[in-house]
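The values are calculated or read from the model by the stated rules, or taken from the named source; none is laboratory data. Everything numeric here is computed off the predicted structure, so don't read it as measured data. Here the Cβ positions follow ideal geometry from the backbone for every residue, glycine too, while neighbour counts run over all protein chains shown. Note: accessible area is taken over every heavy atom of the protein model, side chains too, but ligands, DNA and RNA are not part of it. Shrake-Rupley method; radii C 1.70, N 1.55, O 1.52, S 1.80 Å.
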Amino acid sequence: MRALIATALILNISFASVVDDYLSSLKQEVLKTEPNFKTFDAKKGEEIFKSKHIGKKGKEISCESCHTTNLANNGENIFTGKTIEPLSPKANPKRLTDISEIEKWLKRNFNDVYNKEGTPMEKGDVITYIMSK
């Protein structure tokens with residue numbers, strides 16, 4: 001039991017460190033154009049995550065279209081039918097543990113849903129929202 005708790009704590013610390021490092025790098029990017037910027041906003045991230053757009057293949061979608069309204073649940077890619085493991089790091093400790101994976105999926109998903117790469121502000125807000133779930 002103690003080993004399980006220790007492993008969970010290590011994973012949690014590792015996750016927090018990676019996310020903190022990533023958000024810090026995004027913050028540095030935002031500060032280049034918005035010198036008064038203070039912090040990312042989970043509420044704005046939720047708005048981005050839930051907003052619908054004509055995305056990939058001309059279909060109206062949002063992030064919730066694949067990841068569902070409950071980020072602790074499995075989702076399903078609406079284009080391929082593949083199961084997507086929970087997006088919430090609280091439900092899926094493998095989430096948000098590798099910066100290159102975070103960047104890859106943010107880029108891909110922003111392009112699929114919004115037909116553009118997300119700005120550093122948008123990415124930071126969305127990651128902050130996901131972390132709150």
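Side notes on the structure shown:
- Take the Cα of Lys116, step 7 Å toward its Cβ, do the same at Leu31, and the gap between the two points is 2.5 nm.
- The range 58-112 - percent of accessible surface contributed by carbon and sulfur, probe 1.4 Å: 46 percent
- Assigned charges on the beta-carbon of Lys, Arg, Asp, Glu; the range 16-133 dipole about Cα centre (debye): 240 debye
- Amide proton proximity set for Ile84, modelled H, under 5 Å, gap of 5+: Gly75, Glu76, Asn77
- In the chain, the calculated helix contribution to ellipticity at 222 nm averages -18000 deg cm²/dmol per residue, counting -39,500 (n - 2.57) for every DSSP H run with n ≥ 4.
- For Thr68 and Trp105, the FRET efficiency from 1/(1 + (r/R0)^6), where r spans their Cβ atoms and R0 equals 22 Å, is about 0.85.
- Protection proxy ranking, peptides 77-84, 122-129, average beta carbon neighbours within 10 Å, highest first: 122-129, 77-84
- Among Asn109, Asn70, Asn36, the largest mean-square fluctuation in a Gaussian network model of the chain, built with springs joining Cα atoms closer than 10 Å, belongs to Asn36.
- Shape summary: the range 78-130 maps onto an equivalent ellipsoid whose semi-axes, from the alpha-carbon gyration tensor, are 18, 16, 10 Å in decreasing order.
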